[in-house]
Amino acid sequence: MSDTVLFVDLENVQKIDLGQVPAGARVMVFHGFNQKNMPIELVAQAQPLGARLQWIRIQGQGPNALDFHIAYYLGEELAQRPRSTCVILSADKGFDPLVKHLAGRGQACRRVATLKDAFPKTNATAPQDAFQRVLGLLQKEGNRPKKRAGLLGKIRSWFPKQDKAAHERLLEQLLAGGHVTESDGRLNYRF
């Protein structure tokens, strides 16, 4: 089973509830050189995480300094643990080309703008029984879709009463859990 690591861009996303981090996930909180004070609520939420949480203070200033630190630690994580699922919590779309490159190399990495989207398995909006059903159906499926749109279509056909957002959440759960990876626009399945 893969490890999940959340990389938090605290310069970009300040309102987070670390109480939503599931057991076993690790968290790296990156804060800028000029961020001298941490919100007391954040520090209090961090305490139960213990050794699973690491604070990383950027040692310099400049455009994208924090982003480069996140990219470095992300690369270090994937070099040491290639099956890790890496989630960047940032509204900064500048991470998207890196995420796309890593996905093309078969790495489980994505960027999310909210902590709610970081751990879709724990969200009540995509019921666990629906996710387990998708996993079971895909394992039995002899001709699995090769592209994202095809997989979404398959999920829609299995869950016609759910809305488009629920279908996309199920797909995101498959990607976040490492059951499906995307490389050069093609899907690979790991069961």
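The values are calculated or read from the model by the stated rules, or taken from the named source; none is laboratory data. Here the structure is a predicted model, which is why all the values come from computation and not from measurement. When we count neighbours, we look across all protein chains shown, and the Cβ atoms used for this are built from the backbone with ideal geometry, even at glycine.
Rundown of residues vs (1) out of contact with any helix residue (DSSP H, G or I) (no Cβ under 7 Å at 6 or more places or on another chain); (2) more than 21 Å from Ala176 (Cβ to Cβ); (3) of a type in the set (Gly, Ala, Ser), yes/no style:
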| position | (1), (2), (3) |
| --- | --- |
| Gly19 | no, no, yes |
| Lys36 | yes, yes, no |
| Pro82 | yes, no, no |
| Asp92 | no, no, no |
Answer from Ala108, Ala165, Ala79 - the residue that is in the same structural domain as Leu42 (by TED's automatic domain parsing), hydrophobic (A, V, I, L, M, F, W, C) and exposed (fewer than 14 other Cβ atoms within 10 Å of the Cβ): Ala79
Residue within the range 37-53 that is part of a strand (DSSP E or B), outside the structural domain of Leu175 (by TED's automatic domain parsing) and surrounded by fewer than 21 Cβ atoms within 10 Å (Cβ to Cβ) present: yes
Some residue of the range 96-105 being surrounded by fewer than 17 Cβ atoms within 10 Å (Cβ to Cβ), at pLDDT 90 or above and in contact with a strand residue (DSSP E or B) (Cβ under 8 Å, 6 or more places away or on another chain): yes
Output for the range 11-36, where each listed residue is assigned to a helix (DSSP H, G or I) and more than 15 Å from the chain's Cα centre (by Cα): Gly19
Filtered residues of the range 58-74 (kept if surrounded by 14 or more Cβ atoms within 10 Å (Cβ to Cβ) and outside any loop (DSSP other than H, G, I, E, B)): Ala65, Leu66, Asp67, His69, Ile70, Ala71, Tyr73, Leu74
Whichever residue in the range 129-162 is charged (D, E, K, R) and surrounded by 11 or more Cβ atoms within 10 Å (Cβ to Cβ) and, among such residues, is farthest from Arg83 (Cα to Cα): Arg156
Any chance Ala25 is closer than 29 Å to Arg186 by Cβ and touching a residue at least 40 places away in the same chain (Cβ under 8 Å): yes
Selected residue (only one of Arg169, Arg190 is in contact with a Pro (Cβ under 9 Å, 6 or more places away or on another chain) and either at pLDDT 90 or above or not aliphatic (A, V, I, L, M) (or both)): Arg169
